[in-house]
Structures are given as structure tokens and as C-alpha cells.
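Only one structure is covered here, and it is reproduced in the block below.
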Amino acid sequence: MKFDRKAFEVSGDYVFYPYNGERRFVGRFKYSKSPFTKAKFIKELVANHTQDDYFTQVSPYGNKAPLDILREKNEDWYFGIIEAFCGKDARKFLNGAA
């Protein structure tokens, strides 16, 4: 089942979503200067992920961090945001090339 953008609940730095009768953790956005904002994260989550796909992978039931799940499925989105924030050499830097 796809995510419903209207069902997300924002509580301070935290984002939650109702899933299988539970209020489930989606992500925490504690750094105001981060290139990954709540809006960008939720937009990508709604566009390219299903509820089952995401919630089976994210902690505490899965073992992945929220941003890792989105990055693994759409690296172009991830590196596009990093490059827009840091500059064109970000992909080389993050992949370990000198």
C-alpha cells in the first residue's frame, strides 16, 4: 500500500505514520542545516516506497536507518540532494575517490 501524504504526523523533530494499527516512527530530523529536510524525505518516501517495504526495513523491526532505505532504492535522489547542497564533487567524495 502506498503512503498517504495526509496521514503523516509531525511532532517536533519526529515524523510518525499510522501503520497496522500502530503509530510508527518514520524519521527524525534534528539538524536544521541538513540537506535532507522533512519535506524532501516525505516526498521521496511517498513517490517511491510502499508502507510494507519501508516499515519492514526500518528500525526497530528492521535494521536500517530511514535515510539508508531511501538511498538504497534511489541513489540518484540521494546524491542529487547532496550535490545541490555541497557541490558537484560530492559523489566522488562520498564514494571514497580521492
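Exposed loop sites here mean chymotrypsin sites (Phe, Trp or Tyr not before Pro) with a DSSP loop assignment and at most 12 other beta-carbon atoms within 10 Å; the chain contains its longest site-free run at 62-98. Each stretch of four or more DSSP H residues adds -39500 (n - 2.57); spread over every residue of the chain, this sum gives -12000 deg cm²/dmol at 222 nm.
Lysine pair count for the chain with Cα-Cα distance under 13 Å and sequence separation of 8 or more or different chains is 4.
Exposed loop trypsin sites (Lys or Arg not before Pro) only (DSSP loop, at most 15 other Cβ atoms within 10 Å): please give the longest stretch of the chain free of them, not including the sites. If you can, show how the numbers build up before the last one.
Working: sites that count: K30, K33, K88.
Result, exposed sites excluded: 34-87.
On a full-extension model of 0.36 nm per residue, what is the gain between N63 and D4, subtracting their alpha-carbon distance, rounded to one decimal in nm?
Numbers: separation 59, 0.36 × 59 = 21.24 nm, distance 2.38 nm.
18.9 nm is the gain from fully extending N63 to D4.
The eigenvalues of the Cα gyration tensor, multiplied by 5 and square-rooted, give the chain an equivalent ellipsoid with semi-axes of 25, 14, 12 Å from largest to smallest.
Values in this text are rule-based calculations from the coordinates and carry no lab data. Since this is a predicted model, take the numbers as computed values, not measurements. As a convention, Cβ positions derive from the backbone with ideal geometry for all residues, glycine included, and neighbour counts pool all protein chains shown.
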